[in-house]
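Note sheet for the following structure.
The values are calculated or read from the model by the stated rules, or taken from the named source; none is laboratory data. As the structure is a computational prediction, the values presented were derived from the model and not from experiment. So basically every Cβ, Gly included, is an ideal-geometry build from the backbone, and we count neighbours across all protein chains shown. Calculation scope for accessible area: heavy atoms of the full protein, side chains included, ligands and nucleic acids excluded. Shrake-Rupley method; radii C 1.70, N 1.55, O 1.52, S 1.80 Å.
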Amino acid sequence: QVQLVESGGGLVQSGRSLRLSCAASGSISSINRMGWYRQAPDKERELVALIFSSGATHYADSVKGRFTISRDNTKNTLYLQMNSLKPEDTAVYYCHANDRYSRAYWGQGTQVTVSS
């Protein structure tokens, strides 16, 4: 089992930056992929960014060049650095992990609100 706890959300003005963190615990060694998803009101949850065990990353087109996903294995923590935020980035952001047994884990979510 893997537990994920997000932090770092909040209210920020358009154009500013915010960094989200996701602390992982439990069977950390079984994780082979982690990522961030988001869900805006009345919209489906969507992928924001992924990072694989190899270090390779993948981003949604809407955040490319503005968001950076990274991890600190010494702290078992995943990050999402969000720059040049836009009102359309407003959503609940969820941390996600997949393990080698194809099991999926989700955090509880953290709200990000970008004011215009």
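Okay, here's what the table says:
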| quantity | calculated |
| --- | --- |
| Protein accessible area in the chain, 1.4 Å probe - carbon and sulfur % | 46 |
| Hydrodynamic radius of the range 34-91 per Kirkwood, over alpha carbon pairs, in Å | 12.1 |
| Accessible area per residue, Å², the chain with all protein chains present, probe 1.4 Å | 53 |
| Cα-centre dipole for the range 17-103 with unit charges at Cβ (Lys and Arg positive, Asp and Glu negative), debye to 20 | 220 |
| For the chain, the Rg and Dmax computed from alpha carbons only, in angstrom | 13.5, 43 |
| The chain: most fluctuating residue of Asp72, Asp42, Asp61 per GNM, C-alpha cutoff 10 Å | Asp42 |
| Selection from Leu18, Ala91, Ser54, by position along the positive dipole direction of the chain (Cβ) | Ser54 |
| Neighbour cut-off at most 16 other Cβ (10 Å), DSSP loop, trypsin sites (Lys or Arg not before Pro), the range 42-114 | Lys43, Arg45, Lys64, Arg66, Lys75, Arg100, Arg103 |
| Accessible surface of Glu88 - all protein chains present, 1.4 Å probe, nearest 10 Å² | 120 |
